[in-house]
Each structure stands twice: as C-alpha cells, then as structure tokens.
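Asker: Let me begin by handing over the structure; questions about it come next.
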Amino acid sequence: MKNILIHGLGQNNESWNKTKKYLSENKIDVECPNLFEIDTQNEMSYVNLYKSFSNYCNKQKEKLNLCGLSLGGILALEYAKEYPDKVNSIVLVGTPYKIPKILFKAQNIIFKFMPKKSFQKIGISKKKFCCLVNSMCNIEISKNLDTILCKSLILCGIKDNINMDSAKLLNANIKGSKLLLIDDSSHEVNIDNPKELANIICDFWK
C-alpha cells in the first residue's frame, strides 16, 4: 500500500512533519505532497487542484491509503468517489460536510488584507490563494457519499467546534465509517496533537 498525507488549505506538506516522524517510528512510510507544487502550470482553482492531485494519485502503482485534513480530506473524498478501485482506505481529519459559504466569503475578505509573506510561507501567492478559496464555494462535498465503500475513519479535534457536526454527518453518511475525537486539539490536529493522530492512523492502517 502507498500511504499519502494531504495537507489543509492554510498548510503545506511540512505541516505533517511531526505526524510523519511518529508514523516512521512505527515503521509506516508516508508521502506528503505539497498541493501547491504538484501543478504550477494551470490557473489556481479547486478544479485544477483536484485534477493535479488525481493525476498524482493515478501515477501510484499500489492501492492508496489517503489521509487528508480539511481541504486534503475533501480531495481524498472526491478521489475515493471517482476511483474506488485505487483506494484502500481514507482518513478524514477536520473535513467539512458542506462548504460554509458565508465563512469562506468572510475569510476571503480577511485574506485580502493579510501581507503577502503570510502566503509565501506555505508556498503559494496571495492572489492564487484567494482564487482557490473563491473557487471552492460551490463544491458539493456531501454528494454521492453512499458510493464510498472503502475503510473510512472520520477524525475531529475535540475543540474543533466548526467541524464537529460535519464529522458526525460524514460518519452517518459513509457506510461502515468510524468516528473518533482527538483530545487537546482544534482544527489543525496534525499541529496540535501529532502523536495521538499518528497513533490512531497507525492502528487504522495496520
């Protein structure tokens, strides 16, 4: 199996470093692609980002264990729907059930006033980041969840109040999925409690 960790919108692949370290101690190798670097040729949008991500996954010769946080979870879900034969399991961390459009629009206003260096830290320009956020407003995440038949684990930080209901809805609509809450963490579980996250992923994948 090929194990892939997929970062969130305001993160990059380095956000998984501590989780990756703990997984390595349990002899689990993972790949952590930087979503903003796997395709630099196309205009930044969710459609193009997913296309690049799916191309990246389709190049893998083995079946995949996908673990994604937030945006990463959305990409993992969409790929599992489109390519069920390629996916062995999915782990969804802090993943929304529906896009909170009002919140996204409010955040985009805030993003426009943030300095460019804030975005450079994660490897994307401010303009491209705002284009990506705008393009995500009409994604139908909850569509066709009943077609997902692979092993599925839904995770949510116990302090992640915004995504708690989403976690429960994903659990209710993905057949056979399991829901776990992670202590001492909010939305960015891979930053807040990487050791506990790694232990849970390790148990699930093994």
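Asker: I need a count of the residues in the stretch 32-55 that are surrounded by fewer than 17 Cβ atoms within 10 Å (Cβ to Cβ) and either in a helix (DSSP H, G or I) or touching a strand residue (DSSP E or B) at 6+ places or on another chain (Cβ under 7 Å) (or both).
Answerer: 5
Asker: Right, here's the next one. Quick one: is G72 touching a helix residue (DSSP H, G or I) at 6+ places or on another chain (Cβ under 6 Å), within 18 Å of H187 (Cβ to Cβ) and buried (at least 22 other Cβ atoms within 10 Å of the Cβ)?
Answerer: Spelling it out, it is not the case that G72 is touching a helix residue (DSSP H, G or I) at 6+ places or on another chain (Cβ under 6 Å), within 18 Å of H187 (Cβ to Cβ) and buried (at least 22 other Cβ atoms within 10 Å of the Cβ).
Asker: Answer yes if at least one residue in the stretch 61-72 is over 27 Å from A172 (Cα atoms), of a type outside the set (D, E) and at pLDDT below 95, and no otherwise.
Answerer: Yes; the residues of the stretch 61-72 include at least one that is over 27 Å from A172 (Cα atoms), of a type outside the set (D, E) and at pLDDT below 95.
Asker: Moving to a separate point now. Only residues in the stretch 165-176 that are farther than 15 Å from C150 by Cβ count as the first member; pair them with residues that are outside any helix (DSSP H, G or I) and of a type in the set (G, A, S), Cβ under 9 angstrom, at least 6 apart or cross-chain, and list the lot.
Answerer: S166/G94; A167/G94; L169/S142
Asker: Out of S125, S135, S142, which single residue is under 17 Å from L35 (Cβ atoms), out of contact with any His (no Cβ under 8 Å at 6 or more places or on another chain), of a type outside the set (K, R) and surrounded by fewer than 16 Cβ atoms within 10 Å (Cβ to Cβ)?
Answerer: Numbers: S135 fails: surrounded by fewer than 16 Cβ atoms within 10 Å (Cβ to Cβ); S142 fails: under 17 Å from L35 (Cβ atoms).
Being under 17 Å from L35 (Cβ atoms), out of contact with any His (no Cβ under 8 Å at 6 or more places or on another chain), of a type outside the set (K, R) and surrounded by fewer than 16 Cβ atoms within 10 Å (Cβ to Cβ) holds for just one of S125, S135, S142, which is S125.
Asker: Given the structure, is I109 under 19 Å from F36 (Cα atoms) and modelled with pLDDT under 95? If you could, list the steps in order and put the result at the bottom.
Answerer: Numbers: under 19 Å from F36 (Cα atoms): no; modelled with pLDDT under 95: yes.
Against the criterion (under 19 Å from F36 (Cα atoms) and modelled with pLDDT under 95), I109 does not qualify.
Asker: Find the residue count for the stretch 117-162, including only residues that are β-branched (V, I, T) and free of Cβ contacts under 8 Å to residues at least 60 places away in the same chain.
Answerer: Qualifying residue count, the stretch 117-162: 1.
Asker: For the stretch 184-206, name all the residues that are more than 15 Å from I158 (Cβ to Cβ) and part of a loop (DSSP other than H, G, I, E, B).
Answerer: K206
The values are calculated or read from the model by the stated rules, or taken from the named source; none is laboratory data. The model shown is predicted, which means the values in this text are computed figures rather than measured ones. Note: ideal-geometry Cβ built from the backbone for every residue, glycine included; neighbour counts use all protein chains shown.
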